[in-house]
Amino acid sequence: MSYPRKLSHEAIVEAALAHIEAQGLEALSMRTLAAELGVAPNALYRYFPSKTELAFALADAAGHLLLAALRQAAAGLSMLDAVRATARTYLHFARTRPALYAIKMGHCKSGDNEPPSHAEVWDFVLSLTAGLATPWDREDLALSLWASLHGLVELDRADMLGGRDAQATLDVMLDVMLAGLAAQASAQASPRAAPRSAPRAMP
């Protein structure tokens with residue numbers, strides 16, 4: 001059986017991403033996607049044997065879109081400014097592209113496999129801590145940043161911020177975190193104060 005020239009792995013993923021952004025993941029099926037692409041449903045199974053495998057590919061694609069936005073936000077900035085810009089962009093992506101964020105976070109693993117973009121996003125977050133002189137382990141520091149940010153996003157998605165603006169809450173979190181990082185970096189960079197000599201005894 002021949003397949004339409006326009007059909008490819010990339011074309012299917014692109015169409016599926018547009019579909020879930022417009023109608024949500026629940027509305028996605030092989031049949032509806034095939035209709036949008038103008039092919040028979042069986043044609044899609046040549047590229048994706050199941051909807052689960054398609055969702056895994058969509059999670060990877062969404063992760064790359066998120067990563068591109070994060071990299072663009074951080075480009076050319078100092079380390080601490082890059083952390084702030086990245087965090088704001090992460091929240092903005094989750095709020096303005098909720099379907100992509102949901103599928104990216106909901107399909108981080110398929111069995112023992114994870115989308116390549118998942119590790120790439122983590123490597124990017126880890127790189128934000130590379131130039132910070134602090135007493136903390138780099139991975140612990142990066143994970144605490146990601147965990148705090150992810151927690152805020154999830155509270156916002158669940159409408160559990162009690163009417164507070166997520167952006168304002170994020171700014172408070174960043175002010176506290178970055179002040180602590182700046183103080184630690186300054187302390188690590190400053191030479192240790194010379195110990196005071198013992199006072200001389202009076203004759």
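Rule-based calculations on the coordinates, nothing more; no lab input. Please read all numbers here as calculations on a predicted model, not as lab measurements. No Cβ is skipped: glycine too gets one built from the backbone with ideal geometry, and neighbour counts run over all protein chains shown.
Taking the charge dipole of the chain about its Cα centre, with +1 at Lys and Arg Cβ atoms and -1 at Asp and Glu Cβ atoms, the residue from 92, 142, 64 reaching farthest to the positive side is 142.
Put a plus charge on the Cβ of each Lys and Arg, a minus charge on the Cβ of each Asp and Glu, and nothing anywhere else: the dipole of the stretch 62-139 about its Cα centre is then about 400 debye.
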